[in-house]
Amino acid sequence: MGTSVPIAVNLSVRQFDDPDLAKKIEETISRYKIVPGNVEFEITESLFAENSFQIQDLLNKIIDIGCKFSIDDFGTNQSSLSRLKNFEFHRIKIDKSFITELNSNEKAERILASIVNIGKTLKMSVIIEGVETQDQLHVVQALGCNYIQGFLFSPGVNFEAATRLLKNKTINPGDMKG
């Protein structure tokens, strides 16, 4: 049996215009024998500027397949707590702008802490994007973020490096070049 690998896929606003999106996702999952619970779709807040009833119906169909959703780049668009209340999100990804402003904007850490607290209160895991320094890492660790992403850990890796990581469950820092 192979390794069970979580898959995160960005979905665009345009893809939600396709009324057959849920059916296509279900067919792809079936064809490639993917565990639906390992699939997480990342959507941005801008998606909700459109027909939210249609979007909610489509989200529910995809959730019924067994997939999960995260809200990506949270805090950069028309953030609304009602979106967190009315839609079933597994994870919240906080935009890197909150991290990059930690040293220059005194409110940034307080806002970041509040968003992390909201995510935890709603039983969502919390990812912070864009961590590049040890100081930033210490702040987000103290806040209790579940997951941390950024160049401090690794830039994007190429296909070969990603494949090696999955096979060996390790990666060499020299392999981290795009």
Query - Yes/no for ASN103 being among the polar types (S, T, N, Q), touching a residue at least 24 places away in the same chain (Cβ under 8 Å), loosely packed, with under 14 Cβ neighbours inside 10 Å and farther than 21 Å from SER125 by Cβ - result: yes
Report task. Report yes if ILE148 is at pLDDT 90 or above and aliphatic (A, V, I, L, M), otherwise no. Result -> yes
Report summary line: The residue from THR100, THR76 that alone is hydroxyl-bearing (Ser, Thr, Tyr) and touching a helix residue (DSSP H, G or I) at 6+ places or on another chain (Cβ under 8 Å) is THR76
**Report entry** Lone unmet requirement of (1) surrounded by 13 or more Cβ atoms within 10 Å (Cβ to Cβ); (2) modelled with pLDDT under 95; (3) under 30 Å from LYS167 (Cα atoms) for GLN15
**Finding:** (3)
**Report entry** Counted residues, the range 64-76 - those being within 14 Å of ILE29 (Cα to Cα) and either buried (at least 18 other Cβ atoms within 10 Å of the Cβ) or in contact with a strand residue (DSSP E or B) (Cβ under 6 Å, 6 or more places away or on another chain) (or both)
**Finding:** 2
Query raised in the report: Consider GLU42 against the criteria (1) closer than 22 Å to MET124 by Cβ; (2) in contact with a Ser or Thr (Cβ under 8 Å, 6 or more places away or on another chain); (3) outside any strand (DSSP E or B): it satisfies all of them except one. Which criterion is unmet?
Result: (3)
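The values are calculated or read from the model by the stated rules, or taken from the named source; none is laboratory data. Note that this is a predicted model, so its numbers are computed, not measured. Glycine also receives a Cβ, built like all others from the backbone with ideal geometry; neighbour counts cover every protein chain displayed.
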